[in-house]
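A short worksheet on the structure shown next.
The values are calculated or read from the model by the stated rules, or taken from the named source; none is laboratory data. Quantities reported herein were computed from a predicted structural model and do not represent experimental measurements. Cβ sites come from the backbone with ideal geometry, for glycine too, and all protein chains shown count toward neighbours. Surface accessibility is based on the protein's heavy atoms, side chains included, excluding ligands, DNA and RNA. Shrake-Rupley method; radii C 1.70, N 1.55, O 1.52, S 1.80 Å.
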Amino acid sequence: IISSFIFTGYNLNINKKIDYLLVLGTTISNNEPGIILKKRLEKTIEFYNSNKNITLILSGGKTSKNSNLSEAGVMKKYLLDNCNIKEENIITEDYSLNTIENLKNILKIIGQNKQVGLCTSNSHIYRALGLAKKLGYENIYPLSAKSSFWSFYGDILREFYCVIFEWLNGDMILYILN
């Protein structure tokens, strides 16, 4: 049942007007995005190019020992280099070290009543939305970026255990994604 919930996060696109697009960080190395983060950023660029009136919120702290930038800093650099976006349309949150911290810190910045898109990997979208809903995000919509072919099974297994752990820990709600 949990796996089927996770699979509902595949190939989701936002079809609502949103104020912000929150992009969750992940692995970086040598001040460059890893494969998974690059896929999230490519999906962000694709969405932004047809929705230029939104503000991007890039979230992720300094998690790599071989990079002097945070995940959010690497994402900002990548977007400025690869997308026709103004720097003032980007907010960075670079203190969080996991998804719960990402979502808590962003909620402090934007408040609860905003229309928010959430871009993360398709294997991660179900858990991220469950955490967001538990934290009080009222209007949050998924934008799923493709997972890497090579990491598919590992991602599903990790998410399966994370969903169970975070639900039992009281950090997320289980829901049916529609």
Exercise. Quick check: is even one residue across region 107-124 among the small types (Gly, Ala, Ser), farther than 19 Å from ILE6 by Cβ and at pLDDT below 95?
Worked result: yes
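For the subset of region 64-85 comprising residues that are part of a loop (DSSP other than H, G, I, E, B), within 25 Å of LYS104 (Cα to Cα) and out of contact with any Ser or Thr (no Cβ under 8 Å at 6 or more places or on another chain), which member is least open to solvent (accessible area, probe 1.4 Å)? Can you show your working first?
The initial filter retains those residues of region 64-85 that are part of a loop (DSSP other than H, G, I, E, B), namely 64-70, 83-85.
Right, trim to within 25 Å of LYS104 (Cα to Cα) and you get 64-65, 67-70.
From the residues that got through so far, the ones that are out of contact with any Ser or Thr (no Cβ under 8 Å at 6 or more places or on another chain) too are 65, 68-69.
On the way: LYS65: 210, ASN68: 116, LEU69: 57 Å².
Only one residue tops the list, namely LEU69.
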Problem set entry | Hits in region 37-63 - residues which are under 17 Å from LEU103 (Cα atoms) and in a loop (DSSP other than H, G, I, E, B) | GLY60, GLY61, LYS62, THR63
Seminar exercise, completed: When region 86-129 is checked residue by residue, the ones that are in a helix (DSSP H, G or I), among the aliphatic types (A, V, I, L, M) and open to solvent by less than 10 Å² (accessible area, probe 1.4 Å) are LEU103, ILE106, ILE125, ALA128, LEU129
Seminar exercise, completed: For region 27-45, the count of residues that are closer than 15 Å to GLY61 by Cα and crowded, with 21+ Cβ neighbours inside 10 Å equals 3
For this session: Taking only region 145-178 into account, find how many residues are basic (Lys, Arg) and crowded, with 16+ Cβ neighbours inside 10 Å.
Result: 1
For this session: Run PRO142 past the list (1) open to solvent by 70 Å² or more (accessible area, probe 1.4 Å); (2) part of a strand (DSSP E or B) and report the number of the one that doesn't hold.
Result: (1)
